[in-house]
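To keep things clear, I will list the structure first and then write my remarks on it.
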Amino acid sequence: MNENVNTAEAVEVVDPVAAAREQKRMEAAKRRRRKKIIKRIVILVILLAVAGLIWFGVYELFLKPEPVPAPQTTFSYRGGFSSSVSGYGQVKANRTESISAPAEGKLLTLLVAEGDTVTEGQPLFTMDDSTLRAQIEELEKKIESINKSIDDAIESRQRTAETRSEVYESLADYDKQIAEAEEKVASRNLTAPFAGKLLDVSVKKGDTVIEGQEIGTIVRDGEMKLTSYFSYAYENAVYLGQTAKVSIPSSMEVITGKVTRIDKVRYITEEGGVLFAVEVTIPNPGALTKDMIAMAVLVGEDGSDITPAEQTSLEFAETETLTAPAKGKILDLNMTAFAEYAEGAVLYTLSDDGYAADIESLRDSSKSVRDQVEGYDEQIAGYTDQITEFEKQIADTEAEIEKQNERFDLFNGVAPMSGLVTAVTAMEGQTIQEGGAILAISDTSSMTVAIDIDEMNIGNVSIGTPVNLTQTTGEGEMYYSGTVTQIALEGNYDWGYTTYPATITIDGGEGLRANSSMYYEIVLSQKDDCVLVPINAVKYTEAGPCVFVRIPEGGSAPDDAVELAEGVVPDGFYAVLVETGLSDEAQVEIVSGIDEGVELYVAEGIPGQDGDGVMSPVSNTTTTIVYG
């Protein structure tokens, strides 16, 4: 029985339900694996496609060789060329006068209407002038007020001047007292009147001196002088500055000097000779002194000696006796006999008896009074300035009154000129402010057109340039001619663009309405029957302006072709020098170098290009610049 049990355990028992489930699980796992593989394949295909697109783009942008374009050509052609400036301007009268209210007032009567023709001096309107009269009355009251201010200022200035005069008189007293005190103080010091030697001294320190007392003698002995007498026979031979030889017997020397003085005295000698005096000055070498015997012989112009009648004696060049200028006690003495002193050197000092303190006090009082006087002077000047300003205000106000009186005539308005009433902006009974417009009169006998000329063309327009004019009216187009008569030197700049105001005078423009528009055309340049090429057919090179002419098929460039740098001339063409003339932004005139019908190389993008790359002739040969 045990054997049967073991056999049953060795045999595997299969559950059909479980087996079915396992089968489904395995099939699901297979499907999932297939989906993952498919998904990966799709992603790989997408990545390869993106990589291919990127490679294609890189190739197209960077690696693909550019195709060589066929050269674009055109043919030179013959035609007319003109350049003009045209546009619209505003018609204006030769002169327009706007009549406005001279002052605020009511318009009482209006004697003209718009469109009336008036003559110079013709009455136009009348206005109420009561406002102007009130203004003049106010100005007259202002003058009365200013006159009162002037009277007040004059009265105040007079009172101040009287006070100043009284104070100034006291200042004179102070000045006199100070001068007297300073004179007394100055007398304390005795000074050397000149540089020299003190010969004798008769006082000592501590002495009391009295005014006028002799206290010593000072001499200037650096030079000596002597007076000699000569016969009048030598009167015309002696002159100032003449050389003299002075002999000194005691020292046995001769010193050269000069004639410093001539006195035409009459000194009569015992023998009856009549003599005149001559003073000679000589330098003192150091050993000369007063009363030495000397003789001065003058040297004549011819070198001869002119001898005096007799010998004489030497004197110091200058001698002065020193006296005490005031009384007092000598506090300090600086006087030594035979000592040298400089000019102004103090020789002695006397006691001051309190003068210095008195002078300081007087000076303080004087300064205070002077300050008061200066203050009064400033007040007087201030009142004078006020009066001057008031007088100026009166003069200005009187001038304004005179001006206002002249305006009374304006309240009865008359025509300032003959012309047409082009505007009436006020009506009877209306109160008009000062400067408010009433009417306008225009001189329509000569009309002008105001225009603006572009900065690119202003250089081609000048005074006297003829102008074609056209005005479109209800009756059709009216044609006029005119002339540029004025061009502004200063332009008007706006948004990077500058225009210059100009004026055209219309020939026979009588009757045109002011401020109407008019078309104008100013021909800048014009030429008929000329060879033309597009502007880009001309190449400006180092050799000059050139065009590139196509080489005929199977042919070659002529021997006279212009040689240019490598790469400048396109393949299949040769360069020809040309002379250019008129031009604009599209075409240029060829004066010489080629004729019409020549095939030329042009740059890309020129107006008139045909689909096959050949440039067709530009049909419009008139350049018109329209603006304004």
Cα centroid of the stretch 218-261 to Cα centroid of the stretch 353-393, whole Å
59
Only one of the listed values, [x] 111.9; [y] 60.5; [z] 40.0, was derived from the coordinates as mean projected area of the Cα convex hull in nm²; which label is it?
[x]
What is the gain in length, in nm to one decimal, between SER130 and GLU169 on full extension, counting 0.36 nm per residue of separation less the C-alpha to C-alpha distance?
8.1 nm
Give me the percent of DSSP beta bridges within the chain that run antiparallel, rounded to the nearest 5.
95
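Exceeding 24 Å between C-alpha atoms, which entries from my cross-link table qualify? They are LYS205/LYS327; LYS225/LYS245; LYS205/LYS225; LYS148/LYS392. Write out the running numbers ahead of the final one.
Values: LYS205/LYS327 14 Å; LYS225/LYS245 12 Å; LYS205/LYS225 35 Å; LYS148/LYS392 14 Å.
Exceeds cut-off: LYS205/LYS225.
Charges at C-beta only: +1 for Lys and Arg, -1 for Asp and Glu. How large is the resulting dipole of the chain about its Cα centre, in Debye rounded to 20?
Values: 50 positive and 103 negative charges, 834 e Å.
Charge dipole of the chain: 4000 debye, to the nearest 20.
So between ILE262 and ILE46, what do we pick up on full extension, going 0.36 nm a residue minus the alpha carbon distance? It would help to have the intermediate numbers written out before the result.
Details: separation 216, 0.36 × 216 = 77.76 nm, distance 14.16 nm.
Going from the current span to full extension adds 63.6 nm.
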For the stretch 500-507, Karplus couplings with θ = phi - 60° (6.51, -1.76, 1.60), whole Hz, Gly/Pro x
10, x, 9, 10, 10, 8, 7, 7
For the stretch 335-340, Karplus couplings with θ = phi - 60° (6.51, -1.76, 1.60), whole Hz, Gly/Pro x
10, 10, 4, 6, 8, 8
Using a/c under 1.5 as the rounded threshold, could you call the stretch 367-502 rounded, prolate or oblate? The axes a ≥ b ≥ c are square roots of the C-alpha gyration tensor eigenvalues, and prolate needs a/b larger than b/c, oblate otherwise.
oblate
Convex hull of Cα atoms in the stretch 460-526, direction-averaged projection (nm²)
6.1
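Top to bottom by accessible area (1.4 Å), largest first, where do LYS327, LYS30 land?
LYS327, LYS30
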Given charges at beta-carbon only (K, R positive; D, E negative), |dipole| of the stretch 189-342 in Debye:
500
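What does the convex hull of the alpha-carbon atoms of the stretch 230-380 project to on average, in nm²?
Values: hull surface 72.9 nm².
It is 18.2 nm².
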So how tilted is helix 16-58 from the main axis of the chain? Cα-based, degrees 0 to 90, rounded to 10.
50
In nm, the gap between the two label points placed 7 Å beyond Cα toward Cβ at THR505 and GLU114 is 3.0
Short version: ³J(HN,Hα) in whole Hz for each residue of the stretch 593-598, in order, from phi by Karplus 6.51 cos²θ - 1.76 cosθ + 1.60 (θ = phi - 60°), x for Gly and Pro, what are they?
x, 9, 10, 6, x, 8
Against the longest principal axis of the chain, how steep is helix 130-186, in degrees 0 to 90 to the nearest 10, with axes from Cα atoms?
40
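Rounded, prolate or oblate, given the Cα gyration tensor of the stretch 246-325, with a/c below 1.5 counting as rounded? Provide the component values of the computation, followed by the final result.
Values: a/c = 1.82, a/b = 1.27, b/c = 1.43.
In terms of gyration-tensor shape, oblate.
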What is the set of long-range amide H partners of ALA326 at a cut-off below 5 Å, with H atoms built 1.01 Å from backbone N?
GLY212
Centroid-to-centroid separation of the stretch 146-177 and the stretch 560-597 [C-alpha atoms, Å]:
99
Loop only by DSSP, 13 or fewer other Cβ within 10 Å of the Cβ. Give me the chymotrypsin sites (Phe, Trp or Tyr not before Pro) in the stretch 213-280 that pass, ordered by residue number.
TYR239
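The values are calculated or read from the model by the stated rules, or taken from the named source; none is laboratory data. Small disclaimer: the values here were computed from a predicted structure and weren't measured. All Cβ positions, glycine included, derive from the backbone under ideal geometry; neighbour counts span all protein chains shown. Remember, those area values only see protein heavy atoms, side chains included, never the ligands or the DNA or RNA. Shrake-Rupley method; radii C 1.70, N 1.55, O 1.52, S 1.80 Å.
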